[in-house]
């Protein structure tokens with residue numbers, strides 16, 4: 001295998017160039033989303049330009065976000081989003097050559113063809129993608145018994161976003177199982193750090209330093225188990241059957257498990273130790289009541305990619321042994337490669353997938369990567385007709401970095417019919433963090449924001465907030481969601497003046513005399529994203 005690293009570089013480079021180019025073209029053809037690319041860019045801009053440090057703790061605890069903000073600030077105007085997307089693709093593909101050096105061509109194929117890798121590269125921008133290189137780095141270091149490096153990688157993982165701290169603890173359990181007593185200090189460090197950081201972030205840092213009063217456990221996704229980690233843990237211990245039932249209570253969750261493991265021929269199940277780091281993200285997805293968390297086309301699969309691919313490689317020799325001298329056993333390599341390719345074509349959004357060559361999914365068909373004259377018309381209108389607007393309410397599927405500037409971005413219909421509760425980041429940023437952590441500095445009142453302009457495009461997927469209408473082959477298939485969207489469009493047309501309309505694309509502006517002034521909400525609250 002000595003020549004594999006050198007030969008694997010072109011394959012790695014090709015995967016990066018394809019993924020990075022597609023991500024940038026998707027943004028340029030206006031097929032990205034406000035939730036999540038728009039919100040990510042807005043947060044980084046606020047950190048870099050306004051030093052609004054509380055956005056680091058808005059809904060999640062993300063201490064690495066200032067580094068991304070610094071990087072974003074280095075880019076020329078209008079190039080920030082593209083730079084983020086290209087960097088994300090590079091980091092996602094980075095482990096490929098080292099994986100090939102250690103485990104051969106089959107490992108390289110399993111990684112590059114694994115469909116969650118491509119969804120993480122093409123579904124907007126999220127810090128979660130860092131879980132892929134960091135977890136591979138941890139697993140590679142653990143293989144070499146370089147426990148200090150392994151600990152550094154696993155602890156950095158926790159800083160990506162606090163749910164990954166549970167994976168940090170699981171990495172400690174992995175070291176204990178795989179390496180035994182020799183790894184005991186490192187294993188205990190990761191278990192204590194991971195659990196401690198998760199509890200501190202959700203119970204202390206986010207409530208004290210962020211604009212929201214709670215973290216992800218307070219959301220509808222996990223609120224059925226309790227509002228704090230301790231309440232959720234107590235519920236799971238005292239209601240084990242209800243907990244297990246909730247993990248398989250919808251066909252979507254079974255599909256989630258079936259596709260993640262089935263794309264690798266269920267071979268990772270033959271290497272259970274390698275699956276230990278994957279248990280926290282799998283459990284969170286299955287316990288969640290939010291469909292996006294267990295959807296296969298979202299970024300929430302980032303934490304399972306490295307453990308499942310490594311589990312595949314460690315389980316493959318056992319699969320060969322089980323097959324023995326049967327016909328399948330004699331042709332294992334060909335069967336595995338054919339199955340990996342078939343799974344990629346069936347499930348991924350890459351250029352050789354069925355999603356790419358059909359119009360079924362608007363955001364992943366080939367048209368999503370081809371800028372058109374209509375896209376030029378929309379960008380030109382956005383440049384010309386948003387002067388003076390400070391608060392935009394834009395359709396979720398209409399994200400373009402050039403429209404942001406220093407404006408506040410809301411997801412339609414927020415801020416249209418009534419003011420939206422919004423954190424007063426100026427006041428929050430003036431707080432003393434030490435006093436806030438000690439409970440001596442309370443949250444300032446929130447503001448209410450009303451949209452100055454509404455931007456809509458009736459020829460792209462309709463959303464109410466980040467909730468879509470099951471848009472398939474150019475139309476809504478969820479009649480209730482479609483009706484709700486059009487009702488809000490009617491409200492916007494009634495209360496706002498139309499300043500631009502062409503081919504289903506609209507820019508509406510509120511009469512300044514009728515705008516609701518930003519005013520204190522009177523108590524802590526606000527949106528978390």
Self-check item: Kirkwood Rh and Cα Rg combined as Rg over Rh, evaluated for the range 88-136
Solution: 0.96
Quiz item: Among 240-248, 275-283, 398-406, how do they line up from the highest to the lowest mean number of other beta-carbon atoms within 10 Å?
Solution: 275-283, 398-406, 240-248
Self-check item: Which of 448, 198 has the fewest Cβ neighbours within 10 Å, and the rest in rising order
Solution: 448, 198
Self-check item: Alpha carbon centroid spacing (whole Å) that separates the range 330-387 from the range 179-201
Solution: 40
Practice problem: Could you tell me the distance between the Cα centroids of the range 128-170 and the range 247-293, to the nearest Å? | Solution: 19
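Return the ratio Rg/(2.2 N^0.38 Å) for the range 372-514, where Rg is computed over Cα atoms only. List each step's numbers first, then the result.
Working: Rg = 17.5 Å, N = 143, 2.2 N^0.38 = 14.5 Å.
Dividing the Cα Rg of the range 372-514 by 2.2 N^0.38 Å gives 1.21.
Provide the three semi-axes, in whole Å and in decreasing order, of the ellipsoid equivalent to the range 49-116 as defined by the square roots of 5 times the Cα gyration tensor eigenvalues. Could the numbers behind the result be given before it?
Values: eigenvalues 211, 46, 19 Å².
The equivalent ellipsoid of the range 49-116 has semi-axes of 32, 15, 10 Å.
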Quiz prompt | Inter-centroid distance (Cα atoms) of the range 434-452 relative to the range 415-432, Å | solution = 8
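Over the chain, what relative contact order in percent results from Cα pairs under 8 Å that are six or more residues apart?
Details: 937 pairs, mean separation 90.5, N = 529.
Over the chain, the number comes to 17 percent.
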Quiz prompt | Degrees between helix 229-238 axis and first principal axis of the chain (Cα, 0 to 90, nearest 10) | solution = 50
Practice problem: Would you please report the Å³ per residue occupied by the convex hull of the alpha carbon atoms in the range 393-437? | Solution: 110
Quiz item: Which percent, nearest 5, of DSSP beta bridges in the chain are antiparallel?
Solution: 70
Quiz item: Order of 300, 72 from fewest to most other C-beta atoms within 10 Å?
Solution: 72, 300
Quiz item: Relative contact order for the range 372-514: what is it in percent, counting Cα pairs under 8 Å that are at least 6 residues apart?
Solution: 25
Quiz item: In what order do 284, 254, 44 fall by count of nearby beta-carbon atoms within 10 Å, going from fewest to most?
Solution: 254, 284, 44
Self-check item: Rounded to 5, percent antiparallel among DSSP beta bridges of the range 372-514
Solution: 70
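Let me know the shape class of the range 299-358, please: from the alpha-carbon gyration tensor, a ≥ b ≥ c as square roots of the eigenvalues, rounded when a/c is under 1.5, otherwise prolate if a/b is greater than b/c, or oblate. List each step's numbers first, then the result.
Working: a/c = 4.56, a/b = 1.51, b/c = 3.03.
Note, shape of the range 299-358 comes out oblate.
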Exercise. Relative to the longest principal axis of the C-alpha atoms of the chain, give the angle of the C-alpha long axis of helix 184-200, reported between 0 and 90° and rounded to the nearest 10°.
Key: 20
Quiz prompt | For the range 417-497, the fraction of alpha-carbon pairs in successive 5 Å shells from zero, as % | solution = 3, 12, 16, 15, 11, 10, 9, 8, 9, 5, 1
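Using alpha-carbon pairs under 8 Å, 6+ residues apart, how would you state the relative contact order of the range 139-246 in percent?
Details: 114 pairs, mean separation 18.3, N = 108.
For the range 139-246, the relative contact order is 17 percent.
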Quiz item: Hey, can you rank 159-169, 286-296 by average C-beta count inside 10 Å, highest first?
Solution: 159-169, 286-296
Self-check item: Base-10 log of normalised Debye intensity for the chain (one unit scatterer per alpha-carbon) at q = 0.06, 0.08, 0.10 Å⁻¹
Solution: -0.30, -0.54, -0.85
Quiz item: Against the longest alpha carbon principal axis of the chain, how many degrees, from 0 to 90 and to the nearest 10, is the axis of helix 131-143 turned?
Solution: 20
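Here, each number is a calculation from the coordinates, and none is a lab measurement. Only a predicted model underlies this, so the values are computations on that prediction, with no experimental measurement involved. Methodologically, a virtual Cβ is constructed for each residue, glycine included, from the backbone with ideal geometry; neighbour enumeration extends over all protein chains shown.
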